[in-house]
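Only the coordinates and a few stated rules stand behind these numbers; no lab work does. Since this is a predicted model, take the numbers as computed values, not measurements. Ideal geometry is used to build each Cβ from the backbone, glycine not excepted, and the neighbour counts take in all protein chains shown.
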Amino acid sequence: MSSPTSVVSLSHGTGKWMLQQQRSEAVEEEKKKQPWAVGKNAALFAFFVVVLPTMMILAGVSHTPPPAAATTRLGWTMLGTFTARAATRRWGDGFGIRVARRTRPRRARRCRPPRTATSTARIPATSTGGGSPPAGGGAALPRSSPARFLAAVRGKRLAFIGDSLARNHMESLLCLLSQAEAPTKVSADDDGVREWRFPAHGFTLMAITTRFLARAEEVLGGDGRPTASFDVHLDAPDPVWASRRLRELDYAVFSTGNWFFRVNYFSEGGRRVACSGCSGDADAGELADFGVAHAVRRVVRAALEATARCGDGDCKRGLVAFVRTYTPSHFEHGSWFDGGYCNRTRPLEEDEAPSWDQSIGWDVRRAHIEEVTSARKTTPATTTRFEVLDVTKAMMLRADGHPGRHYDKRSAGGGANDCLHWCIPGPIDMWNDVLLHKIAETASPPATNLR
């Protein structure tokens with residue numbers, strides 16, 4: 001006869017077993033009532049354990065960059081809804097996302113993931129006239145490899161000289177090269193100069209800010225306050241780049257144009273000789289209106305002449321000076337602070353872009369190219385070499401590549417849209433493909449005719 005204690009223990013054990021049995025029977029009964037639940041769980045298990053890893057492996061194999069770059073490219077395309085912050089937490093630096101987030105322009109910080117830029121990564125077909133429009137087609141341009149770029153500029157110093165678009169270009173290249181080596185910041189906006197160093201390659205990258213390439217002062221109004229206009233000295237290159245900095249460089253990338261779409265005045269020998277956009281302006285008096293394209297031509301000419309003079313003795317022998325051609329804004333129905341926006345989600349078609357005769361952008365591009373052609377004729381390539389980075393037509397089509405309302409906290413409340421600068425990563429990265437191609441070309445004799 002069992003003791004009371006053993007009976008209680010047996011009863012407790014039997015009750016526990018019966019409860020478990022009842023629960024198992026209830027689960028089985030529920031499965032019979034809802035067979036779809038089993039299938040759903042199995043499908044989810046198969047997707048996360050088999051399908052998703054397989055997709056990520058295939059995506060990684062199909063890309064030619066190193067694994068880190070490939071992983072991040074997957075993050076920007078297949079998993080484009082991830083923010084850069086989430087991608088950094090999940091994948092680490094990869095594309096240099098952590099560096100890119102820290103160094104990309106404030107205006108481009110919240111850009112949407114980029115579209116593929118294969119349509120813009122082409123070298124325009126060569127033509128015999130420096131000012132003629134680029135023909136369709138052209139040779140395919142390989143994408144830049146960070147390692148190959150750094151190898152090409154080992155021990156060199158390269159500076160982007162111009163306005164905020166020059167800085168935009170520098171930051172695009174900085175993000176690219178950060179995939180291969182983490183840069184060290186040397187200076188940040190000291191006298192308008194931002195400088196980064198890649199110590200393992202002995203390479204220095206700079207952005208030198210100058211609105212007009214020439215020395216310029218704000219025009220004061222009757223109340224003594226600065227106006228939107230500038231006095232630009234055609235015979236005085238901006239000392240921020242033309243003094244000590246130019247003598248240190250192996251490569252200089254000049255660009256200008258966007259600050260000329262306002263009333264400006266131009267001086268030589270200390271007196272005003274012309275203006276642009278000044279028709280009907282009371283301060284213009286009898287000054288001739290240069291127009292935007294001719295005004296750009298004059299400052300680019302002065303900049304290239306100063307560079308050529310420097311190449312005669314003060315600058316490094318073999319200095320290569322590039323001029324990047326003009327790139328347009330894509331504001332629609334207004335401008336910065338009066339309702340203009342750029343919310344397109346695909347590149348423009350050829351017939352949607354401004355025609356050759358209707359866009360001032362083509363005239364500015366022509367001025368850039370013709371001035372480089374002229375500088376080549378008067379400067380020995382053994383001292384200073386002049387080249388063109390022709391990106392105008394490609395960027396004319398990329399109305400989808402601007403940060404728009406994401407560029408600034410002010411724009412979140414409907415204050416402004418940025419349809420001038422470019423998203424990083426985005427179409428601007430193609431400029432680095434062109435730049436690397438041109439740097440590689442500098443080992444060979446320069447071409448007679450330009451595009």
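Odds and ends about this structure:
- Label-to-label distance, nm, for residues given as GLU218 and ASP235 (7 Å Cα→Cβ offset): 2.8
- For VAL323, the residues whose modelled amide H falls within less than 5 Å of its own, excluding neighbours fewer than 5 places apart on the same chain, are PHE254, GLU387, VAL388, LEU389.
- Using alpha carbons only, the radius of gyration of region 106-441 set against its Kirkwood radius gives Rg/Rh = 0.95.
- Where labels lie 7 Å past Cα in the beta-carbon direction, separation of THR184 and ASP351 in nm: 5.7
- Shape call, region 224-316: gyration tensor on alpha carbons, a/c limit 1.5: prolate
- By the count of other C-beta atoms within 10 Å, a proxy for reagent exposure, CYS342, CYS175 are ordered fewest to most as CYS342, CYS175.
- Debye, to nearest 20: dipole size of region 106-441, +1 on Lys, Arg Cβ, -1 on Asp, Glu Cβ: 1280
- Options TRP431, VAL263, VAL300, ranked by Cα towards positive dipole end of region 106-441, top entry (Cβ charges): TRP431
- Fewest neighbouring Cβ atoms within 10 Å first, the residues ASP338, ASP418 line up as ASP338, ASP418.
- Normalising the average separation of contacting C-alpha pairs (under 8 angstrom, six or more residues apart) by the number of residues puts the relative contact order of region 106-441 at 22 percent.
- Mean separation of Cα contacts under 8 Å (6+ apart) over length of region 170-323, as relative contact order %: 19
- Using the Cβ-Cβ distance between ASP283 and ASN343 with R0 set to 35 Å, the FRET efficiency works out to roughly 0.40.
- Listed by Cβ neighbour count within 10 Å, with the fewest neighbours leading, GLU387, GLU268, GLU352 appear as GLU352, GLU268, GLU387.
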